[in-house]
Structure formats: C-alpha cells, structure tokens
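The values are calculated or read from the model by the stated rules, or taken from the named source; none is laboratory data. Note that the structure is predicted; figures quoted are calculated from it, not measured. Heads up: the accessible areas ignore ligands, DNA and RNA and are worked out on the full protein's heavy atoms, side chains in. Shrake-Rupley method; radii C 1.70, N 1.55, O 1.52, S 1.80 Å.
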Amino acid sequence: MSALQAQFRDLAEWATDSSPLYAHLCREAAEDSDILDIAATVPEGRQAPHLLLAAVHYLLDRHPDHRLAEYYPSISPESRAPDDGCFPAFREFCLDHADAIRPLLRTRRTQTNAVRRSAVLYPAIAQVASAADGPLALVELGPSAGLNLLFDRYRYDYDGRVVGNSDSPVTIGSRVRRGDPPLPETPPAIRSRVGLDRNPLDVTDEADRDWLRALVWPEHEERRAVLDGALTVAHDDPPELIEGDMLDDLPPVLDEIPSDVPVCVVNTLVLYQVPAELSEALTALLEAQMAERQLHWLTGRRDLSGGESVELDWKRWSGDGVKTTHLVDYEPHGAWLSWRP
C-alpha cells in the first residue's frame, strides 16, 4: 500500500462519523489509480486527501449542475446520501476537470479558519487582559485569513450565557464542559491586531473566500454559517495580515508595537505543522522577549495523552522566570472547552 493510499484510508476512517460523504469518497479513492495520480500533484508535506476534496468542492460550486453536486449538502439543498453512483460521479468530475484541479493542488493549502475557536480565545484573552496593564496588542501566528483575530467582533453563547459583541451578526455557540472560564459581558479591549502567515488569505478576494468555504466539509452546515458570518464581518474592515515567516519576521512585527503596550501572541494549532527545531527557536525568541517587555503567549498543542482535544497554555514572565499555566482544553473546532485553572 502506498503512502498516498494510506492517507486516504486514514481520512476515511477519521471522517466516518463527521462526514459520511468524504469517508465514502476517500475509501473509494484509495483504490483508484487515476484519482491517486491526480492527488499525487500535491507537494510533499501537504495533506493530499484534504486538498483534493477541497479542490473538488471549490470547483463543484462553480458547476452545480454536475451530477456529483446531488451528494453535497453545501450545494444541493436536497442532497442524497452516498450510494453506488456517488464515487463514479466524483471520479468523472475529477477526470473531466483535472486541468483545473491540478493547479489548485499545487498552490493551495489546507488553511481552514476554525472561527468557533474564537469561543476558546474569548475567555483566554480575557484572562490575559485581566493581568495586563492596558489594552492588548494582538499578534496571531499562522492566522490564514485572520478571522480569529476579530474575536471581539462576535457574539458568544456558552450554554445559554450570551456575551461578547451584542451587535454582531455572528453568534458562536460552545459548551463549557468543566470549570469557570472568565466570560466578561463585553470583550477585552484590543489596541491593535496583526497576523503573520507565510501564505495569508485575503477576505476581500472572492477566490480566497471561496477557498475558505470549500475547506469546510459539505455536511458541516453550522461551521459554514459561522464562517460566512465572520467573512461578512471581516470584509468591510479586514485584519492586517503580513506575509512572512513566524520566526524571521516576528521580531520586526513586535518592534512596531510600543514597548509599553502589552502584547498577546496567539497560536492555536499551527506549531504541530512545523519542525521541532523551529518551535524551539520560537519559544526561545518569545521567552527572551518576555524578559524585556510585557508579553503574553497563548500557545496551543495537541493533547499529549493521545486524545482528540487541543491544549492551550498561557506563558508570561513572572518574577525571575517564565510561568506556564495550562488554561484550557478544547475540541479542535471549538465545539466545547474545559477550563483548567
């Protein structure tokens, strides 16, 4: 079995409960040499099955009359469950549109904006703000389109407790499984916000917006609705995004922020995608900055025990060294959170 086949089979197993459509397509694709040949266009180190599925979703939205669209709830309001005709339709679409799919596979990335993670950032940043001296300068690493940088522009519903921006067209729901997270009625004050990404997406660009929507799996209607609302919020006043490397280009970004302004650097799941030596160098850089200025770091990592959740730690200078607090565990898309302190 090739490594590419294994990737499709692994995703099929993982998607079984979350997306019956993608589970079906991945199982079949793993056995189809023509589909695997197209997927092999994806550069090494990227997620070939995810990118192929997103590229097809992206193009299918432009060809909604194709018979494959009948299986996509995101495109056809009366979609069908996967059946014997589903993969043949997928295969036909891929082969007919291979010349359009391959460039997407070469150039695009799985830069999903999980906007519901803002429901985790809301209490986490509120915790940081309560310990900071003045409004925060927010810096996100790997923000993609930067929609989570706008966390203070959304309304939140935590088990019936509604907080955040009361005028927002977006309401993000999340469940609190454990603990008592800080949930102020109004969002923490943000002085400035900027994101640093090697390949930022532009919310004012139609193709980038459509790519973000294509990354949301077809059955995930609630995620798509939240994303669409966030794109609307961002369109008229998009976040500032800088194209650059999180290590080499972060010091100039920090230097632009006045030294007396408290900084909150945020990354949720980006570090698991980078080499260990880069992560270690970033840690050394930020911890050195903490000794020189008021800098807080909210950094996410996979659950080390092998679970499905993500852990978010709060690092800051305390007395004579760096103090780390495990703040919260959360479902990767923000559906629930467990407050740890």
Legend entry - Glu221 accessible area, assembled protein chains, probe 1.4 Å, Å²: 120 Å²
Legend entry - Accessible-area composition of the stretch 1-47, carbon plus sulfur, in percent [1.4 Å probe]: 45 percent
Legend entry - Heavy-atom accessible surface of the stretch 198-250: percent carbon and sulfur, 1.4 Å: 39 percent
Legend entry - Accessible area of the chain divided out per residue, in Å², using a probe of 1.4 angstrom: 44 Å²
Inset, instruction - Pop out the ³J(HN,Hα) list for the stretch 237-245 in order, Karplus 6.51 cos²θ - 1.76 cosθ + 1.60 with θ = phi - 60°, rounded to Hz; leave Gly and Pro as x. - result: 9, x, x, 6, 10, 10, 7, x, 8
Inset, instruction - Could you list which residues have their amide H under 5 Å from that of His296, counting only those 5 or more apart in sequence or on another chain, with H placed in the peptide plane? - result: Val263, Cys264, Val265
Inset, instruction - Give me the percent of DSSP beta bridges within the stretch 120-253 that run antiparallel, rounded to the nearest 5. - result: 20 percent
Legend entry - Relative contact order of the chain, pairs being alpha-carbon contacts under 8 Å that are 6 or more residues apart, as %: 17 percent
Legend entry - Extension gain from Asp10 to Gln47, taking 0.36 nm per residue of separation minus the Cα-Cα distance: 12.2 nm
Legend entry - Percentage relative contact order, the stretch 24-159, counting C-alpha pairs under 8 Å, at least six apart: 24 percent
Inset, instruction - Using amide H atoms built 1.01 Å from N in the peptide plane, name the residues 5+ places from Val328, or on other chains, whose amide H lies under 5 Å from its own. - result: Leu312, Arg340
Legend entry - Phe87 accessible area, 1.4 Å probe, all protein chains in place, Å² to nearest 10: 20 Å²
